[in-house]
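See structure below.
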Amino acid sequence: MRRYQIYLIEDEFAAHYFGKERMFHQLFHEYENSNGDLSHLLKRQIQFITKPIPIFRLQQMIEQKLRRNKHFHEDKGIYYLNMHNGKSTAELTVNQHMMTLFANGTLEAETIFFECIRQCEDSFLAIDLHNERFGWLKPIKERKFV
């Protein structure tokens, strides 16, 4: 099973740390494995570099894009995709500070959710701490100066 934590990173930090996503991964990994004063300090750092998720706009985007997909359904605020009789499944929970995406099987179901999410905002970062996978849902294009 894959478990992604998806955060909306402040634009300033997203631009500055583009290409250095491992630093975000390290921060979130240290936070998950910390306790006491260190945990409190890391939580404050995470709150500083992230911004609230626009829940209503995101829900509208997901429902608009997926409502006609026969593999999609929503139950009590949790979104589900079950593709090809369970060969690719994903479950998305959205709250104000973080989204959680659980996925099994092939990458198809999680990719569909990622595609919807990336259309909502530019600086979503997905982190799978247990499998050490992380990256931007919508990579920032480097500016070319002439």
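Here is the list for region 1-85: chymotrypsin sites (Phe, Trp or Tyr not before Pro) lying in DSSP coil, each with at most 15 other C-beta atoms within 10 angstrom of its C-beta, are F18. Quick note on the chain: its Rg to Rh ratio, both from C-alpha atoms and Rh being the Kirkwood radius, is 0.99. Within the shell of other residues whose beta carbon sits under 13 angstrom from the beta carbon of E32, the net charge comes to -1, with Lys and Arg scored +1 and Asp and Glu -1.
Considering only protein heavy atoms and a 1.4 Å probe, what is the carbon-and-sulfur percentage of the accessible area of the chain? On the chain, the fraction of accessible area on carbon and sulfur atoms equals 50 percent. Screening the chain for whole DSSP H helices of 18 Å or more along their axis (Cα) with average Kyte-Doolittle hydropathy at least -1.0 returns 36-49. The trypsin sites (Lys or Arg not before Pro) of region 53-146 meeting both criteria, a DSSP state outside H, G, I, E and B (loop) and at most 15 other C-beta atoms within 10 angstrom of the site's C-beta, are R67, R68, K70, K76, K87, K141, R143, K144. A simple spin-label model places pseudo-atoms 7 Å from Cα toward Cβ; at S39 and N95 they are separated by 1.5 nm.
Under the criterion of Cα pairs below 8 Å and six or more residues apart, the relative contact order for the chain equals 33 percent. The reciprocal of the average 1/r between distinct C-alpha atoms defines the Kirkwood hydrodynamic radius, which for region 1-50 equals 11.7 Å.
Stokes-Einstein diffusion for region 42-104 at 20 °C, viscosity 1.002 mPa s, with a Kirkwood radius from C-alpha pairs, works out to 164 µm²/s. Per-residue ellipticity at 222 nm from helix content only, as computed over the chain with -39500 (n - 2.57) for each DSSP H run of at least four residues, stands at -11500 deg cm²/dmol.
What separates the Cα centres of region 103-140 and region 1-62 is a distance of 13 Å.
Distant-in-sequence amide contacts of S88, defined by a placed amide H-H separation under 5 Å and a gap of 5 or more residues or a different chain, comprise M83, T106.
If R0 equals 25 Å, the separation of the Cβ atoms of E10 and L129 corresponds to a calculated FRET efficiency of about 0.75. Across the chain, the longest run free of exposed loop sites, meaning GluC sites (Glu not before Pro) lying outside DSSP classes H, G, I, E and B with no more than 16 other Cβ atoms within 10 Å, spans 11-131.
Averaged per residue, region 1-101 has 64 square angstrom of accessible surface, using a 1.4 angstrom probe with ligands and nucleic acids left out.
The values are calculated or read from the model by the stated rules, or taken from the named source; none is laboratory data. The shown structure was predicted, so the numbers you read here are calculated from the model rather than taken from an experiment. Counting neighbours? That spans all protein chains shown, and the Cβs are built from the backbone with ideal geometry, glycine included. To get the accessible areas, we keep the full protein, side chains included, count just its heavy atoms, and leave off ligands, DNA and RNA. Shrake-Rupley method; radii C 1.70, N 1.55, O 1.52, S 1.80 Å.
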